[in-house]
Amino acid sequence: MSEEMSFEQMLEESFKTIHNGEVVEGKVIAVKPEEIVLNIGYKADGILTRQEYSNEPNVDLTTVAKIGDTMETKVLKVNDGEGQVLLTYKRLAAEKGSKRLEEAFNNKEVLKAPVAQVLDGGLSLIVDETRVFIPASLVSDVYEKNLSKYAGQEIEFVITEFNPKRRRIIGDRRQLLTAAKAEKQKELFEKIAAGQIVEGVVKNITDFGAFIDLGGADGLLHISEMSWGRVDNPKKLFKVGDKIKVLIKEINETKIALSLKFDQENPWLNAEEKYAVGTVVTGTVARMTDFGAFVEIVPGVDALLHVSQISRDHVEKPSDVLKIGQEVTVKIVDLNVDEKKISLSMKALQPAAEDEAPAEEAAPVEDAAPVEEVAAEE
């Protein structure tokens, strides 16, 4: 009997002793979908359950381990009540992850991880089994009402607050985006200048213009700079995402004014030849006042058809005989290139009575109201 006890004692002594919380290394001797069995050099095998392997629910453990693998785990209970050692992998990983995040926090290191969960107040990420929370205000450099698009997406961030005792580890993505945008803006302003033609993408459209992303900064294409002609609604010309080539009209610190009025397309180039007095043209009635109608003879050039030049018969006001959008054939009776004014006549194309003065003398261009004054009256 004493020899038998001595053998048991010797066998007992051949096994190492372990304690709760101790980190042990073991070899996988069996794997099931819900548990892994490890030989940890103790008198009892170690059991690693699905719940203690990962925070991810329903993970199939046969996909993460195979017989013969070596794993490092932590002892959760030396005796689980059935003579087996209960192990944990996720808690050990979380401890290592916490230490990893502390180092990243101290070193201001940029981390990358997939979004594990989208919450009402922000995003939750898991880094080495350690949870990091990014508040909604720190997810982007612009306001985003719906964060669902980030689900499962891998994003970069930095740790700005590390307090594991309160389970408060805060990440910040916004500062990375802001810094990257500032760098791109700096690079853009170093290579652009007024007078250059650049390509951009329509980012936003308003009633007064469109904002164009130039790849580092946005430029404003004002409605008045969208065409040499009249533009009533920018949304009829562009849509978000359109790629367009624009002229940099002016740079004022970080503000960029853009234009689509390219010099080579200026309708007033060679005006003396194109709009020579005596030329007969066809145009469209663009707008009317009590003293006359403005006729667009080419995009960007509105010429005045004075009320006295509409007909040889008396016309009280232009709207009595004309309407917006109506096509009319007119004769150019006066031209002032410096002031960009052209006077037209329909009367001059109508047969004249013997006692009537030539129509061309009735309304010289100097009497035409400037476009700015007409706009004010309207």
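Assorted remarks:
- In the stretch 133-158, residue nearest to ASN107 (Cα to Cα) [restricted to those that are of a type in the set (Gly, Ala, Ser) and in contact with a strand residue (DSSP E or B) (Cβ under 7 Å, 6 or more places away or on another chain)]: ALA136
- Neighbours by Cβ (under 6 Å, 6+ apart or cross-chain): first from the stretch 37-53, hydroxyl-bearing (Ser, Thr, Tyr); second part of a strand (DSSP E or B) and open to solvent by 20 Å² or more (accessible area, probe 1.4 Å): THR49/GLU35
- Residue that is modelled with the highest pLDDT, among those in the stretch 283-292 that are touching a helix residue (DSSP H, G or I) at 6+ places or on another chain (Cβ under 9 Å) and either surrounded by fewer than 16 Cβ atoms within 10 Å (Cβ to Cβ) or under 20 Å from PRO267 (Cα atoms) (or both): VAL285
- Hey, ASP141 more than 39 Å from the chain's Cα centre (by Cα), open to solvent by less than 70 Å² (accessible area, probe 1.4 Å), among the acidic types (Asp, Glu) and at negative phi or not: no
- Entirely in the stretch 34-79, the strands (runs of 3 or more DSSP E) that have 1 or more residues that are under 15 Å from GLU129 (Cβ atoms): 46-49, 70-77
- Across the stretch 67-110, the qualifying residues are those that are open to solvent by less than 30 Å² (accessible area, probe 1.4 Å) and over 38 Å from the mean Cα position of the chain (by Cα), and the one among them that is modelled with the lowest pLDDT is LEU92.
The values are calculated or read from the model by the stated rules, or taken from the named source; none is laboratory data. Remember, it's a predicted structure, so these values are computed and weren't measured experimentally. Heads up, the Cβs are rebuilt from the backbone with ideal geometry, glycines too, and the neighbour counts pull from every protein chain shown. The protein model used for the area step is the full one, side chains on, heavy atoms only, and it has no ligands, DNA or RNA in it. Shrake-Rupley method; radii C 1.70, N 1.55, O 1.52, S 1.80 Å.
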